[in-house]
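To keep things clear, I will list the structure first and then write my remarks on it.
The values are calculated or read from the model by the stated rules, or taken from the named source; none is laboratory data. The shown structure was predicted, so the numbers you read here are calculated from the model rather than taken from an experiment. Here Cβ is always computed from backbone atoms with ideal geometry, including for glycine, and neighbour counts include all displayed protein chains. Ligands, DNA and RNA are excluded from the accessible area calculation, which covers all protein heavy atoms including side chains. Shrake-Rupley method; radii C 1.70, N 1.55, O 1.52, S 1.80 Å.
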Amino acid sequence: MDDIIENMYEYFIGATCEVYTTEKNEWIYFGTIQKYDTVSKELDIYTRAEDNLRTAGLIYYTPVKLLVHGKKLHNQIVVLYGHVLRCAEDYLGIELNNIITHEENRGSFRVKTNVETKVQLVLETNRLGGILSLSDMMDCQLFDISLSGIGFSSDQNFRIGDSVIFPNLRLETSLHPYELRCTIQRKESRQDITKPHIYGAVFRNMTENQEDMLCRDIFMIQAKQMKRN
């Protein structure tokens, strides 16, 4: 395991991860990997205290697993196994004892969901792309989401290349709603006019904080779906 960790050390640092109990698959922590000590085999995870809901009461040496995602990992899925050594509101120390990695395609980090939300068409922008005017809010149904885009259905007849805003998108695991701007990239029109159109859209101008929180939500949704299955 040490050889794998050392070879991938540069990819882990700065990566976000979800921490779950091994026994019941309960989510207990979300943060960023900032350090690994090859001698003690301790992995240090830091976060903002307000991003975590239940760190208090963790028992020393509780078996845990970490689902790791980082931009440098690309299509590689990494799961780390270990035990809790130290715990605070903004810090978690894990002693690692095993690692599992495997290749997945880009779609593996896409999760199915079923969320009713609102969408607005961007009507006018300035020279820098800033939004000047929007359409009224329209109903839509979100059916999947990934770190790069979103799949949704709507009765509205959008065109490929249209810019849209999801002004108050809240996933089932969201701590806070998102405001996400997207470009329509794919469209599946229905011959039956009673059925909604199907759209695929890619995110535009996401902030680092939005990416981190979306990563957290996707991990949590994946964990819940794995537990149900």
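Taking the stretch 123-150, which residues are of a type in the set (D, E, K, R) and open to solvent by 50 Å² or more (accessible area, probe 1.4 Å)? The answer is 124, 127, 136, 139. When each of 217, 144, 192, 139 is tested for being of a type outside the set (Ser, Thr, Tyr), out of contact with any strand residue (DSSP E or B) (no Cβ under 7 Å at 6 or more places or on another chain) and farther than 18 Å from residue 30 by Cα, the lone residue that passes is 192. Restricting the stretch 1-17 to residues that are open to solvent by 20 Å² or more (accessible area, probe 1.4 Å) and of a type outside the set (A, V, I, L, M, F, W, C), the residue that is modelled with the highest pLDDT is 14.
Against the conditions (1) at pLDDT 90 or above; (2) open to solvent by 70 Å² or more (accessible area, probe 1.4 Å), residue 176 satisfies every one except (1).
For residues that are part of a loop (DSSP other than H, G, I, E, B) and open to solvent by less than 70 Å² (accessible area, probe 1.4 Å), scanning just the stretch 39-56, find the one that is modelled with the lowest pLDDT. Residue satisfying both the conditions and the ranking: 55. From 166, 143, grab the single residue that is free of Cβ contacts under 8 Å to residues at least 60 places away in the same chain, under 18 Å from residue 216 (Cβ atoms) and within 22 Å of the chain's Cα centre (by Cα). Only one candidate passes the filter, namely 166.
Note on the stretch 113-122: residues that are exposed (fewer than 12 other Cβ atoms within 10 Å of the Cβ) and in contact with an Asp or Glu (Cβ under 8 Å, 6 or more places away or on another chain) total 1. Mind listing whichever residues of the stretch 161-172 are open to solvent by 10 Å² or more (accessible area, probe 1.4 Å) and farther than 13 Å from residue 121 by Cβ? Of everything in the stretch 161-172, those that are open to solvent by 10 Å² or more (accessible area, probe 1.4 Å) and farther than 13 Å from residue 121 by Cβ turn out to be 168, 170, 172.
Quick check on the stretch 18-37. Is at least one of its residues at pLDDT 80 or above, surrounded by fewer than 13 Cβ atoms within 10 Å (Cβ to Cβ) and of a type in the set (Gly, Ala, Ser)? Checking the stretch 18-37: not a single residue is at pLDDT 80 or above, surrounded by fewer than 13 Cβ atoms within 10 Å (Cβ to Cβ) and of a type in the set (Gly, Ala, Ser).
Evaluating residue 157 against the criteria (1) modelled with pLDDT of 95 or more; (2) within 25 Å of residue 195 (Cα to Cα); (3) loosely packed, with under 13 Cβ neighbours inside 10 Å leaves one unmet condition, (1). Quick check on my filter: what residues within the stretch 68-98 are at pLDDT below 80 and open to solvent by less than 50 Å² (accessible area, probe 1.4 Å)? Selection gives 69, 70, 73, 76, 77, 78, 79, 88. Of the residues in the stretch 186-201, none is open to solvent by 70 Å² or more (accessible area, probe 1.4 Å) and in contact with a Cys (Cβ under 8 Å, 6 or more places away or on another chain).
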